[in-house]
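To keep things clear, I will list the structure first and then write my remarks on it.
Just so you know, all these numbers are worked out from the coordinates, no wet-lab data involved. Here the structure is a predicted model, which is why all the values come from computation and not from measurement. Please note: Cβ atoms are built from the backbone with ideal geometry, for glycine as well, and neighbour counts cover all protein chains shown.
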Amino acid sequence: MAMDTMPSALDVAFRTALLLTGDTRAAEAAVMHGIGVCEDLSPGGLLIAAVRSAARRRTKSSDGHYEIECLRPELRRLFMLQPLPRHCFVLRVLVGLSPEICAELLEVSDTEFENAVYRALTQLPLLCSPRAQPIRY
C-alpha cells in the first residue's frame, strides 16, 4: 500500500486497524494510540504502531458482531475467517509487511504465522460462494 504522505498513512493505518479489529471505534483508538506512542512519526512508523495497538485489541471472536458494513463485500468475507488467519492475511497480503514483522506484531512464532497465512489462503476461495458460512473449528 502506498503511504507517501501522512494523510495517506493515516488512511492506511485506519483501514488496516479496521480489518484487524472489525470495529470502527477500536480501529480509531488503535490509530490514536499509535500516534501517541510512535517515536518515529513517519508513515511506516505510524502503521507499525497502529497495527501493534490493533493486534492487542483483538478481543472479538469469530462469532462476534463486526462493524464492517462500510467495507466492500470482498473484504467482508475476511471476517468469516478466524481472527489469527485474518490478521496474518491482512498484514502479509493486503498490507505487504514482511513475514518477520507480521509475526512480531501479532506476537506469534514464524511457523504459527506461516500456518495461519496458509489457512487463510486456502479457506478464502471457499468463502466466495454466495452461500458461504463462517468457518468453525
A correct Karplus calculation of ³J(HN,Hα) over segment 82-96, with 6.51 cos²θ - 1.76 cosθ + 1.60, θ = phi - 60°, whole Hz and x for Gly and Pro, returns 5, x, 5, x, 4, 4, 5, 4, 4, 5, 7, 8, 7, 8, x
Rounded to the nearest 0.05, FRET efficiency between MET6 and THR122 (Cβ-Cβ, R0 41 Å) equals 0.65
Decide, for segment 6-128, between rounded, prolate and oblate: order the square roots of the alpha carbon gyration tensor eigenvalues as a ≥ b ≥ c, take rounded if a/c falls under 1.5, and otherwise choose prolate if a/b is larger than b/c, else oblate.
oblate
For the pair GLU69 and ILE35, how long in nm is the line joining their label points, each one 7 Å along Cα→Cβ?
2.6
Sorted by average packing, counted as other Cβ atoms within 10 angstrom per residue and highest first, what order do 103-110, 76-83, 34-41, 46-53 take?
46-53, 76-83, 103-110, 34-41
In Hz, Karplus ³J(HN,Hα) per residue of segment 44-49 (6.51, -1.76, 1.60; θ = phi - 60°; x = Gly, Pro)
x, x, 5, 4, 4, 5
Among VAL31, VAL93, which comes first, second and so on when ranked by fewest other beta-carbon atoms within 10 Å?
VAL93, VAL31
